[in-house]
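The values are calculated or read from the model by the stated rules, or taken from the named source; none is laboratory data. Predicted model, so just to flag it, every value in this text is computed and none were measured. Positions of Cβ are backbone-derived with ideal geometry, glycine not excepted, and every protein chain shown enters the neighbour counts. Heads up: the accessible areas ignore ligands, DNA and RNA and are worked out on the full protein's heavy atoms, side chains in. Shrake-Rupley method; radii C 1.70, N 1.55, O 1.52, S 1.80 Å.
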Amino acid sequence: MTDPRTPVVVAARRSPIGTAGLSLRDVTVDELAAPVLRAAADDAGVATPGHVVLGNCMGPGGNVARVSSLRAGFEVTVPGMTVDLQCGSGLAAVTTAAALVASGTADAVIAGGAESASTAPWRLWPPSEGAEPQRYSRAPFAPSDLGDPDMGPAADDVARRFGITRERQDAYAVRSHERACATAASGAFDAELVPRPELGHDERVRSRLSLDTLSRLRPAFSPGGTVTAGNACGVNDGAAALAMVSEERRRADGIPGLTVRDWETAGVDPRLPGVGPVPAISNLLRRNGVGLGDLGAVEINEAFAAQVLACCDALGLDEHLVCSEGGALALGHPWGASGAVLSVRLFSRLVRADGPGLALAAIAVGGGQGVAVLFERVG
């Protein structure tokens, strides 16, 4: 019998994902998050959650989860916590919420992530004597003597190390857009979206992307590299949220959901961060006695085609099974929200569509980490 404290996702919503500087350029991160938090809570019938947990990595600082929670109209008594695991922040928020529910600390938590690259503040290192302050685009992922590459050059290194060709990367990117277009046309995104006045659909998806078009693009990060603007994700704005309750509460409500069966976070060489999901997925599946063939759906965040393909090759996973309705190469990668977006997508595929029983979400993290979560449909 399932433990009554087992955490179960019973609602999942997300904003349309915008391209930085375009439709959502004036929407702050808490303004992005608030309606999505509210929608997930309302869908689940959770008037007052026990906690709000939100992933974010480039926002204005402070406690984005608390500001977003109050903006969403939750009671002032509801605590909020912001999680920063860089690109893994949204998925880390999901696992933190699962731990809160499993421990009995709360029987309902709203968790997710939000990122507004458009409104993220500029950051400056303090000036040294006689020098001007220096702007920086990100904090260090790792100590420089261990290797602290930006994600683009690191993706080129992954492609070289694992033998991922330019042609294979481009083909994967085209497939991601084709799948996202088909999913949008079928209406399968509709139930998970919380449209905004500025944007009612995912802004990045391209319906006429071709291999010929992508083959003309130059390397974006390294001379002689194979990663381009076409087979890499964009810079994006977006938010996603899940309502998570105890199995006891789910059963009492008589609704289906996604059990958070287990999760894993693992570290790898900081110079090859894109393969962080490999040990996280391997350890997680081994611990739970689950094989790749047991998984009915797999979502690995498509920051770069090269890193997803390298992960698939290392795991022995068929690349065609990953993000079968389109992934971040087409939809976009709002950093702190992307792990939560993966979870929303799995909720739609398994629960809304009465899909397969077991599913996996995983994401790579700058600095050489990976996060993986195993979900199981119930009810």
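What the table below lists for this structure:
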item: Per-peptide average of other Cβ atoms within 10 Å, ordering 84-95, 205-216 highest first; result: 84-95, 205-216
item: Longest segment of the chain lacking GluC sites (Glu not before Pro) that sit in a DSSP loop with at most 16 other Cβ atoms within 10 Å; result: 199-379
item: Inter-site label distance for N63 and D318 at 7 Å from Cα along Cβ, in nm; result: 4.7 nm
item: Rel. contact order, % - alpha carbon contacts under 8 angstrom, at least six apart, the chain; result: 28 percent
item: Gain upon complete extension [S137, D150; 0.36 nm per residue less C-alpha separation]; result: 3.7 nm
item: Å³ per residue enclosed by the Cα convex hull of the chain; result: 141 Å³
item: Coordinate range along principal axes, alpha carbons of segment 173-273, Å, largest first; result: 58, 39, 24
item: Overall dimensions of segment 49-93 by Cα: Rg and Dmax, Å; result: 10.2, 29
item: Convex hull volume per residue in cubic angstrom - Cα atoms of segment 1-139; result: 130 Å³
item: Solvent-accessible heavy-atom area per residue, rounded to whole Å², over the chain at 1.4 Å; result: 39 Å²
item: Label-point separation in nm, L70 to H201, each point 7 Å along Cα→Cβ; result: 3.8 nm
item: Span-like helix ranges in the chain, DSSP H, alpha carbon extent 18 angstrom or more, Kyte mean at least 1.6; result: 89-102
item: Kirkwood Rh and Cα Rg combined as Rg/Rh, segment 302-379; result: 0.95
